[in-house]
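Worksheet: the structure to be examined is printed underneath.
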Amino acid sequence: MKKRVSFALVLCFMLCSLSANAYQLNGHRVVDPQYVTYWAPTSDEIATPSEINAVVSAATSWQVHCPEIKMFRSNTINASMIIDFFLDVDMDAYAITYLGSKEIAFYKPWRNLSMVRKQETAVHEVGHILGLEHCQPQYNSESVMREFGFNDVACPLADDKRGIAALY
Ligand SMILES: [Zn+2]
């Protein structure tokens with residue numbers, strides 16, 4: 001009997017600490033969250049204007065949903081993040097964020113996604129630049145930072161907003 005009670009306490013402790021830390025931080029942060037800049041091509045040999053717009057609107061969605069964040073398009077590559085399209089390069093990822101070079105690269109599989117999933121992918125990658133790591137899988141439905149699959153919602157969700165509020 002005693003053993004069962006302590007097991008229940010341990011389980012409760014685990015569940016409580018999980019719910020307190022749904023979002024995960026990756027150690028990266030932008031210098032000034034009120035002045036987050038991104039460079040994206042205005043035209044591209046491979047990416048279409050609507051694909052470029054998908055990524056730009058995804059970046060902007062962070063400032064729509066998080067008061068801590070203000071996004072500005074930069075006309076130089078001296079920016080908080082650089083958006084690049086490699087839509088002729090096959091990869092086993094839709095996109096990859098390289099934190100060291102602050103680069104978000106979109107690859108060939110991304111092109112075959114629906115528009116909302118293209119945007120959701122871009123929101124996710126910008127989340128990495130802002131400092132969010134993949135969420136714990138049980139919070140997939142309330143985070144754009146889910147590691148696998150889609151919510152088919154192209155904006156930061158409740159858990160992402162909590163993460164940004166905690167970080168900045
Ligand atoms: Zn990711």
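Taking the criterion of being under 14 Å from I104 (Cβ atoms) and of a type in the set (S, T, N, Q), the only residue of region 27-59 that qualifies is T37.
Return the only residue of Q119, Q138 being at pLDDT below 95 and either surrounded by 19 or more Cβ atoms within 10 Å (Cβ to Cβ) or away from the ligand (no atom under 15 Å from the Cβ) (or both). Going through Q119, Q138 in turn, the sole match is Q138.
Only one of the numbered conditions (1) touching a residue at least 60 places away in the same chain (Cβ under 8 Å); (2) within 14 Å of the ligand (Cβ to nearest atom); (3) not hydrophobic (A, V, I, L, M, F, W, C) is violated by Y98, and that is (1).
From the list D32, D44, the lone residue that is away from the ligand (no atom under 16 Å from the Cβ) and free of Cβ contacts under 8 Å to residues at least 24 places away in the same chain is D32. Among the residues of region 116-168, the one identified as more than 18 Å from Y94 (Cβ to Cβ), of a type in the set (A, V, I, L, M, F, W, C), assigned to a helix (DSSP H, G or I) and without any contact (Cβ under 8 Å) to a residue 40 or more places away in the chain is A158.
Of the set (1) touching a Pro at 6+ places or on another chain (Cβ under 6 Å); (2) closer than 22 Å to R162 by Cβ, all apply to Q34 but (1).
The values are calculated or read from the model by the stated rules, or taken from the named source; none is laboratory data. If you're wondering where the values come from, they're calculated on a predicted model, not measured in any experiment. Backbone-built Cβ (ideal geometry, glycine too); neighbour counts: all protein chains shown.
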